[in-house]
Amino acid sequence: MLCGAQGPKLYRIIPESVDRLNQRFYRMNLILPEQLSIHPGQFVTLKSEKVPVLLPRPFCVHRWDPQSRRISLLIEARGTATAMFCDSDVARHPFQILGPLGHGFKVKPAQHHFLVGGGCGVAPLHFLAAELLRNAQQVSLAAGFRDQEDALAPELITPPGTAINVTCNPVTAVDLFREQLASLSVRDDATVGVSDVADDADPTDTNGVMVYACGPHVMLKSLAAFCRERGLPLQVSLERMMGCGMGACQGCSCGTKTGSVLLCSEGPVLDATVVNWDA
Amino acid sequence: MRRMSSSTDSQSAQNARYAQDTQDVQDSRLSCTLGSLTLKNPLIAASGTYAFGEAYRSVLDPGIWGAITLKSVTPEPRPGNPGQRIRECHGGLLNSIGLANPGLDEFEKDIIPLLGDLDTVVIASLAGSVSSDYTKLAARLNQYAVINAYELNLSCPNVREGGLAFGADPTKIEALVGQVRHATSKPLLVKLTPNVTSIADTVRAAEAGGADAIVMCNTFLGMDIDLNTGRPVFENTYAGFSGPPVFPLALRCVHQTAAATKLPVIGMGGVSTLEDVQKMILAGASAVGLGTLNFTRPDAPVELCAGLDQWVANKGAANIQDLRSN
Ligand SMILES: Cc1cc2nc3c(=O)[nH]c(=O)nc-3n(C[C@H](O)[C@H](O)[C@H](O)COP(=O)(O)OP(=O)(O)OC[C@H]3O[C@@H](n4cnc5c(N)ncnc54)[C@H](O)[C@@H]3O)c2cc1C
Ligand SMILES: Cc1cc2nc3c(=O)[nH]c(=O)nc-3n(C[C@H](O)[C@H](O)[C@H](O)COP(=O)(O)O)c2cc1C
Ligand code: FES
């Protein structure tokens with residue numbers, strides 16, 4: 001596996017800011033010392049000397065502005081490291097950041113792009129939506145959170161110009177997506193606002209539709225079943241424990257229908273049709 | 001020494017400059033020998049944590065290492081273990097990778113052509129489930145000058161039918177090392193498991209079989225249990241434990257190894273700071289392996305080399321080997 005000198009970079013940087021978004025989520029902004037080529041769906045790993053965990057933790061790139069070189073991560077406080085990374089005593093010190101890592105979403109022009117996120121799985125969708133909008137694409141986003149208190153305001157999830165719906169259950173984000181899809185196909189004008197069209201309305205033409213998702217396994221699995229049924233192309237971003245993030249340890253292997261892949265280097269984004277959803 | 005192309009302030013560019021700047025002093029003060037092998041410094045990337053040498057190139061020039069040990073290779077491809085393979089635990093790392101590797105044919109075809117670019121001593125790690133696997137690997141790889149030495153992995157605790165049986169039994173160790181010794185003239189490093197009652201017995205067996213150096217040690221057998229299911233986390237139940245918490249255990253093993261043999265010892269297990277490297281050397285190691293540290297601080301060798309060089313200078317020694325206890 002050749003990364004080449006053009007591969008991921010390692011920096012030690014004090015965050016520019018850490019913004020609490022609600023009780024569960026915060027956003028960490030870091031200014032990278034150089035411009036990098038980063039794609040939606042790629043991730044970085046973070047480690048702080050001030051946090052007593054061993055392995056660097058992986059986070060998707062939430063936003064990336066090449067001009068200002070500002071990279072933003074949207075982090076859910078889930079365990080030891082993620083609870084401490086936002087601590088002001090920790091965030092005053094440099095973080096080791098390694099990235100960009102992995103292969104992100106394959107972005108191609110399409111009639112309409114549907115983004116589905118559950119919990120911290122909304123993180124990569126802001127960057128993805130921004131990239132799509134920059135290319136004058138039509139974007140809808142359905143986001144699900146555990147409860148009202150965790151739910152992020154729409155403007156924190158995606159840039160203006162995206163049609164967005166938020167629910168308080170990651171799995172029902174799939175229902176929201178189905179409603180968005182139905183309303184699109186009924187109106188057939190590719191301008192999406194969300195209407196209260198019946199969610200079982202059968203889209204007559206799903207050609208040109210692309211679906212991208214990141215979130216809990218149950219959500220992705222239910223979405224994959226739906227997309228398979230409708231013949232919709234779906235790309236999913238998956239999670240695994242990671243050791244090196246660079247393809248060196250073989251720790252993040254994920255069995256697929258076409259053999260096992262290392263999620264850190266061959267993923268984290270995979271085509272949903274190759275994933276073994278019941279494994 | 002390979003130079004990074006980037007002229008920016010990136011860590012990797014700094015590494016490259018640093019590596020370049022420290023090259024000359026390393027050559028004189030940090031160089032060390034393992035039998036007939038000469039290393040520019042005593043730091044060795046541990047097998048299974050560095051893939052086939054290229055994985056970290058964009059953050060660290062592989063030429064900074066004294067040597068790189070490649071991922072263990074078996075004659076046939078191995079997919080590795082199913083289920084969860086790694087888990088952080090008590091500040092260390094449990095792994096149950098299961099010797100996932102592409103097998104000898106693909107190793108020959110796809111990996112060996114890349115090794116010449118590593119600009120350091122390359123150690124191929126050989127693994128197998130029967131002794132003829134090791135001799136077969138050694139015989140086939142003898143022709144490649146780019147492989148400077150073999151490390152026999154007699155200690156991988158993850159593979160049910162494999163390593164552990166050889167590494168735990170002095171009679172088997174001696175026989176196996178003897179067979180490979182006859183199959184090659186390359187330097188033979190024998191990597192042993194710490195999961196035995198008598199380190200001295202396994203070390204002497206490897207020496208009797210014809211080892212040129214002893215690598216001590218592989219991971220410590222551990223396990224974890226998922227409180228939600230009440231079941232072991234890993235499908236193989238037990239997993240190899242590495243990282244900072246094993247350091248005192250590994251240091252003891254290295255000390256016992258050095259006491260049991262006059263062969264050079266490569267000490268490893270939990271090394272994560274300059275002090276750890278120094279202690280390994282003081283315990284009798286000629287060279288020091290870094291494993292889990294590559295995951296947590298992939299550019300660590302830059303600082304470690306600088307620190308070691310300073311240490312040798314401060315001690316007024318001509319070479320780092322003068323600081324080793326015998
Ligand atoms: C490619 C990738 C991208 C990710 N992107 C984001 C993101 O953008 N935003 C975000 O908030 N989180 C993201 N995660 C998840 C994040 O890495 C974990 O929540 C974090 O590592 C947990 O660390 P901790 O010390 O807080 O938790 P721990 O105390 O280590 O564990 C808490 C819980 O999290 C689980 N966990 C720990 N590490 C991982 C991991 N690597 N993958 C999955 N589950 C884990 C544990 O099993 C446990 O249940 C991503 C994970 C991956 C693999
Ligand atoms: C993920 C992982 C994979 C490993 N694979 C191998 C291997 O293939 N062959 C081997 O001889 N040792 C293997 N090891 C053991 C290391 O080479 C080293 O002996 C051990 O991890 C102790 O050193 P450390 O604490 O510095 O990691 C592996 C260790 C880890 C963490
Ligand atoms: S995390 Fe090490 S190979 Fe993927």
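A few points about this structure:
- One residue from A:L10, A:L55 being within 12 Å of chain B (Cβ to nearest Cβ), in contact (Cβ under 8 Å) with a residue 60 or more places away in the chain, closer than 16 Å to A:C264 by Cβ and within 16 Å of ligand 2 (Cβ to nearest atom): A:L55
- Taking (1) away from chain B (no Cβ under 12 Å); (2) buried (at least 20 other Cβ atoms within 10 Å of the Cβ) in turn, A:V18 satisfies each apart from (2).
- Residue selected from region A:225-264 under the condition in contact with a Pro (Cβ under 8 Å, 6 or more places away or on another chain), within 24 Å of A:F114 (Cβ to Cβ) and not hydroxyl-bearing (S, T, Y), by the criterion least open to solvent (accessible area, probe 1.4 Å): A:C227
- Region A:265-276, subset buried (at least 20 other Cβ atoms within 10 Å of the Cβ) and over 14 Å from the mean Cα position of the chain (by Cα), residue nearest to ligand 1 (Cβ to nearest atom): A:S265
- B:N95 being under 18 Å from the mean Cα position of the chain (by Cα), at the interface with chain A (Cβ under 9 Å from one of its Cβ atoms), open to solvent by 20 Å² or more (accessible area, probe 1.4 Å) and modelled with pLDDT of 95 or more: yes
- Selection of strands (runs of 3 or more DSSP E) fully inside region A:210-279 by the criterion of at least 3 residues being within 16 Å of ligand 2 (Cβ to nearest atom) returns nothing.
- Any hit, region B:108-126, residues being surrounded by fewer than 24 Cβ atoms within 10 Å (Cβ to Cβ), assigned to a loop (DSSP other than H, G, I, E, B) and within 11 Å of chain A (Cβ to nearest Cβ): no
- For the residues A:A83, A:A77, A:A91, the requirement of being out of contact with any Pro (no Cβ under 6 Å at 6 or more places or on another chain), of a type in the set (A, V, I, L, M) and over 22 Å from A:P268 (Cα atoms) singles out A:A83.
- Here A:S37 fits the description: open to solvent by 20 Å² or more (accessible area, probe 1.4 Å), assigned to a loop (DSSP other than H, G, I, E, B) and either within 14 Å of chain B (Cβ to nearest Cβ) or of a type in the set (D, E) (or both).
Condition check ((1) among the hydrophobic types (A, V, I, L, M, F, W, C); (2) in contact with a helix residue (DSSP H, G or I) (Cβ under 8 Å, 6 or more places away or on another chain); (3) at pLDDT below 95; (4) closer than 19 Å to B:E151 by Cβ) across all residues:
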site	(1), (2), (3), (4)
B:A168	yes, yes, yes, yes
B:I173	yes, yes, yes, yes
B:V177	yes, yes, no, yes
B:L227	yes, no, no, no
B:E235	no, no, yes, no
B:C253	yes, yes, no, yes
B:A259	yes, yes, no, no
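- Filtered residue count, region A:221-264, keeping only those that are among the hydrophobic types (A, V, I, L, M, F, W, C), under 17 Å from the mean Cα position of the chain (by Cα) and near ligand 3 (Cβ under 9 Å from one of its atoms): 4
- Output for region A:55-77, where each listed residue is farther than 30 Å from B:F241 by Cα and among the aliphatic types (A, V, I, L, M): A:V61, A:I71, A:L73, A:L74
- Remark: pairs (first residue in region B:212-235, surrounded by 20 or more Cβ atoms within 10 Å (Cβ to Cβ); second residue part of a loop (DSSP other than H, G, I, E, B) and among the small types (G, A, S); Cβ separation under 6 Å; 6+ apart in sequence or on different chains) = B:D212/B:G35; B:A213/B:G35; B:C217/B:G269; B:N218/B:S155; B:F234/B:S96.
- The single condition among (1) in contact (Cβ under 8 Å) with a residue 24 or more places away in the chain; (2) away from chain A (no Cβ under 14 Å); (3) of a type in the set (G, A, S); (4) within 28 Å of B:N195 (Cα to Cα) that B:A313 does not satisfy is (4).
- Boolean, A:C214 is within 13 Å of chain B (Cβ to nearest Cβ), within 12 Å of ligand 1 (Cβ to nearest atom) and at pLDDT 95 or above: no
- Residue, farthest from the other protein chains (Cβ to nearest Cβ), within region B:67-92, restricted to residues that are under 21 Å from B:A124 (Cα atoms) and surrounded by fewer than 20 Cβ atoms within 10 Å (Cβ to Cβ): B:E76
The values are calculated or read from the model by the stated rules, or taken from the named source; none is laboratory data. Source: prediction; values computed, not measured. So basically every Cβ, Gly included, is an ideal-geometry build from the backbone, and we count neighbours across all protein chains shown. For the accessible areas, the whole protein counts, side chains as well, though only heavy atoms, and no ligand, DNA or RNA atoms are used. Shrake-Rupley method; radii C 1.70, N 1.55, O 1.52, S 1.80 Å.
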